[in-house]
Amino acid sequence: MNETSLLVKRAKEKDLSAFEELVRIHQNRVYALCLQLSGSGEDAQDLAQEAFIRAFKAIETFRNEADFGTWLHRITVNVWLNTRRKNGGRQLMSLDEPYKSEDGSEVRHEVADEGSDPQQVLEDKEFRGLVRLALMGLSEEHRAVLVLREIEGYSYEEVSSMLGCSLGTVKSRLSRAREVMRRKMTELARERGEALTVRKERR
């Protein structure tokens with residue numbers, strides 16, 4: 001029995017210190033996922049806290065043959081989906097906001113470093129802005145599967161387990177999400193290009 005399994009066993013027996021250790025092990029990745037989904041550091045902290053509370057209450061239902069991290073992330077996604085629906089879906093993903101790593105330092109999802117060509121850095125920032133705008137138009141299901149698969153890097157099987165749907169459904173949603181994202185990105189890029197042209201002509 002590995003360390004996580006032993007901690008889960010103790011946590012099921014209401015050993016709070018064991019559950020606190022599970023939180024310590026998984027908190028950074030859970031927070032990072034919450035940040036990607038909610039787009040706000042403050043909201044991400046609230047979501048992560050709620051996810052761990054729900055996990056503690058439901059830990060007796062966890063079956064050891066499953067992966068604890070995947071089970072925990074499934075709870076996290078469900079907390080986000082419920083919160084998003086209560087708020088009318090008005091949430092924005094951020095690819096720029098930092099989160100804390102294991103050593104306490106800030107980690108950012110940067111496309112280019114500061115030493116890159118200034119024009120390239122500007123284009124990368126504009127691209128991330130288009131991504132954020134496009135993601136706003138996705139449904140909860142499409143956004144969740146896109147974040148888990150394309151940004152968090154989970155396998156199809158892991159996404160299927162976290163979302164509680166079939167592998168076929170995951171692939172279908174992901175295909176549709178990619179299609180919608182491509183279309184929205186193209187439309188937004190065209191609109192931005194036209195706006196820049198108009199501003200130049202007015203000068």
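For TRP71, TRP80, what ranking results if the residue with the fewest other Cβ atoms within 10 Å of its Cβ goes first? Intermediate results must be reported in sequence, preceding the final value.
Details: TRP71 19, TRP80 25.
Least to most surrounded, the residues fall as TRP71, TRP80.
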Could you give me the radius of gyration and the Dmax of the range 31-74, taking only the C-alpha atoms into account and expressing both in angstrom? 11.4, 34
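Of the cross-linked pairs LYS86/LYS171; LYS12/LYS171; LYS86/LYS184, which ones have a Cα-Cα span greater than 29 Å in the structure shown?
Numbers: LYS86/LYS171 27 Å; LYS12/LYS171 34 Å; LYS86/LYS184 25 Å.
Correct reply: LYS12/LYS171.
Taken together, the values in this text are just the output of simple stated rules run on the coordinates, not laboratory data. These figures come from a predicted structure and were not determined experimentally. Here the Cβ is made from the backbone with ideal geometry for all residues, glycine too, and neighbour counts use every protein chain on show.
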